[in-house]
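*Asks:* There's a structure below that I have some questions on.
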Amino acid sequence: MLKIKTCTRAMIAPSKYYQGPGELNRLENYTSKFGTSVLIIGGKTFFEKFEERLLNGYKQTSSTISFVKFDTKKCEVSLNQISKIVKQCSDKKYDSVVGIGGGKVLDMAKAVANKLESALIIFPTSASSDAPTSSFSVIYTDEGVYSHLLYCKKNPDIVLIDSEIIAKAPVRLLVAGIGDALSTYIEVRASMEAGAPNLIEDGYKRTLTGIAIAKLCHKTILKEGLKAKIAAEAGVCTEALENIIEANTLMSGMGFECNGASGAHGFHDGFTILEECKKYLHGEIVSFGIICQLVLENRDLKEIEEIINFLTKVGLPTTLKDIGIEKIREDDIRKVAKQMVNSFHMQCEPFMVTENMIYDAIIAANAIGEFYKEKH
Ligand SMILES: [Zn+2]
């Protein structure tokens, strides 16, 4: 089990966070704080839907923009791809790098800005995970296998969110973000009970401020999640949806980085080795991972029921079938357990975890999920 090795407390955050309708049109207000030379790293959706709007916002300004298209269908956030883009952009000094898109585009922008030593603005086009505010990028091999976390010198200078864009993004992405954010406090609680460190550099003690943010994230998700989902389905941005965007992005992002992570993400990482799970989103697999974690920790039935009811209402997975595992093969689930037993996440559980305990927790979590499905 991992233990904190210092009595120093630490917390971490993006320097600035802005969230509101129509913020894309005001991007120049933010980039001009750092200078006039701007590099935009965008994904496919950005170039299809938002490039023109962005260019309009820069008309009649002294800023100059360059674009890099990062096609996440063809390329991974690998060290080779990062070097390629850095090389492509090293003929000029960029005052700011703006990443616009989903998780992989944002991770690429973080890594490139870090290398170029430019200011970094992160502009997520969905609220599907809590990665935008963090100081690291997830690095894969060129073949798409997870490699390591790349820690940048700092968190983003600005996280900028246009809530109108989030409201019109596919609802499945928002709901996956709700699942990811719901795991935050549940994982933080276990990590605290374990006396495990937070995720800042080599690991520090938590601040009360960081813990309060994780708790507020949990409360906000349970209170506003369903209302926000319904608003997003109608394509409109209500106060409940604004609250969920903040919870999915800022509260969950600071919540995990300032406090730590544990079981649910460990289960997620285990399940991703199974072919059947590959078409499911990060937050969807994490959602079933939450139930596995609650079972592993033998939490009160009342809490397990509350979480399953919530996941069911917003349409997140509660059984193995819901994450693509139609036929449960003991060998496969044992492989998942073997893969995750020594992971960082499992070492942040409050007790020693064995492969058998993981296997049993997955099978029992699935049975409980099925039980409540029948009951409904
Ligand atoms: Zn996550």
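None of the figures in this text is laboratory data; all of them are computed from the coordinates on show. Bear in mind the structure is a predicted one, so any value in this text is a computation, not a measurement. Glycine also receives a Cβ, built like all others from the backbone with ideal geometry; neighbour counts cover every protein chain displayed.
*Asks:* In the chain, what % of DSSP beta bridges are antiparallel (nearest 5)? Let's see the in-between values first.
*Replies:* On the way: 5 of 30 bridges.
Taking every DSSP beta bridge within the chain, about 15 percent pair in antiparallel fashion.
*Asks:* With the cut-off at 1.5 for a/c, could you classify region 16-168 from its C-alpha gyration tensor as rounded, prolate or oblate?
*Replies:* Prolate.
*Asks:* For a paramagnetic label modelled at 7 Å from the Cα of Ser66 toward its Cβ, which residues of region 24-40 fall within the zone defined by backbone nitrogen distances under 15 Å?
*Replies:* What the label zone holds, given the 15 Å backbone N cut-off, is 36-40.
*Asks:* Using DSSP to call loops (not H, G, I, E or B), can you name the trypsin sites (Lys or Arg not before Pro) in region 303-351 whose Cβ has at most 14 other Cβ atoms within 10 angstrom?
*Replies:* Qualifying residues, ordered by number: Lys327, Arg329.
*Asks:* Counting Lys +1, Arg +1, Asp -1, Glu -1, what net charge surrounds His345 among other residues with beta carbon under 10 Å of its beta carbon?
*Replies:* -3
*Asks:* I've got another one for you. Can you tally the net charge around Ala10? Count Lys and Arg as +1, Asp and Glu as -1, for every other residue whose Cβ sits under 11 Å from the Cβ of Ala10. Don't skip to the end; give the middle numbers.
*Replies:* On the way: positive: Arg9, Lys205, Arg206; negative: Glu201, Asp202, Glu257.
Local net charge: 0.
*Asks:* Whole angstrom only: what separates the Cα centroid of region 312-372 from the Cα centroid of region 146-200?
*Replies:* Each part's Cα centre sits 21 Å from the other's.
*Asks:* What's the ranking of 222-228, 49-55 by average number of surrounding C-beta atoms within 10 Å, highest first?
*Replies:* Per-residue Cβ counts within 10 Å, averaged per peptide and sorted highest first, yield 222-228, 49-55.
*Asks:* Counting only other residues whose beta carbon sits under 15 Å from that of Arg53, what net charge do I get with K and R as +1, D and E as -1?
*Replies:* Net of charged neighbours comes to -3.
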